[in-house]
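Each value in this text was obtained by applying a stated rule to the coordinates, not by laboratory testing. Note that this is a predicted model, so its numbers are computed, not measured. With ideal geometry, Cβ positions are generated from the backbone for all residues, glycine too; neighbour counts draw on all protein chains shown.
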Amino acid sequence: MWRSVFAMLLVLACASGTSPEIVVAAQSIEEAEFAYERGDYTQAARLFSPLAEQGVASAQFYLGLMYEKGRGVRQDHSTALTWFRKAAAQGYAGPQNNLGLMYLGGTGVDQNYAKAFELFERSANQGYDWGMNNLGGLYEKGWGTEQDLAKALFLYRQAAAKGNDAASKSEKRLAPLVIKSEANPAVEPAGAAPDKPATVTPPAEQSPVDSINPPPLSAANPLNSKPAPVVPPPPEKKVKSDSSSE
């Protein structure tokens, strides 16, 4: 059945001037995603690999996740990092978030809170709820940036408004502490960041993330089962040149 549908798509593509290669790529992505969803990771990896090599961001995203988790391929964090970087470089929020998680935990790369912050911020600025949630976590802990509970709460609320349950829980936990702090700035909101290091040191000098210093996330990687759809980044706004000073 799908072959007849595919043939119809090719006819329509030719009639509309759309390149058949684009239709073939789209059909291949759907086939690969279907294999992934049904748990046939070996087949999914076989289908995603050539598409990822061609620069298809969603295929790079999936393949990075598969190498990270060892699904259909031998687990290889270094290769996962490579594919996440390629997809993130194309400006997509999901891969930016996942790459940030790898820098945060020091998985396949040297731990770097500042780099994690940068990537979460890029993801959050595109409206990705997990990027917002994770950026809020860094603001709450003061990792990779100055601690700012008000900003953390703001980001949690933004993510919660998009239906992120983990962010909703963090919002409810943090709100009373921020209110207390704003009412009496002299009172240090003890317990706001129970696992925050006593002093924030440069990323290279921080101790590895472990059970004592868990990563400042409200939830684990949200893409354990299936990556979120890869949404193209918003077009850059063109600023009209103006000789007047601001």
Original post:
Within the stretch 117-179, which GluC sites (Glu not before Pro) sit in a loop by DSSP and count at most 12 neighbouring Cβ atoms inside 10 Å?
Top reply: 146
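With a Förster radius of 41 Å, plug the Cβ-Cβ distance of residue 161 and residue 54 into 1/(1 + (r/R0)^6) and report the FRET value to the nearest 0.05.
Working: r = 36 Å, r/R0 = 0.88.
E(calc), rounded to 0.05, equals 0.70.
Subtract the Cα-Cα distance of residue 146 and residue 175 from 0.36 nm times their separation in residues, and report this length gain in nm to one decimal. Don't skip to the answer; put the middle values down first.
Numbers: separation 29, 0.36 × 29 = 10.44 nm, distance 1.86 nm.
Taking 0.36 nm per residue and subtracting the Cα distance, the gain is 8.6 nm.
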Subject >> Most positive-pole-ward Cα, 100, 77, 138, against dipole of the stretch 47-149 from beta carbon charges >> reply: 77
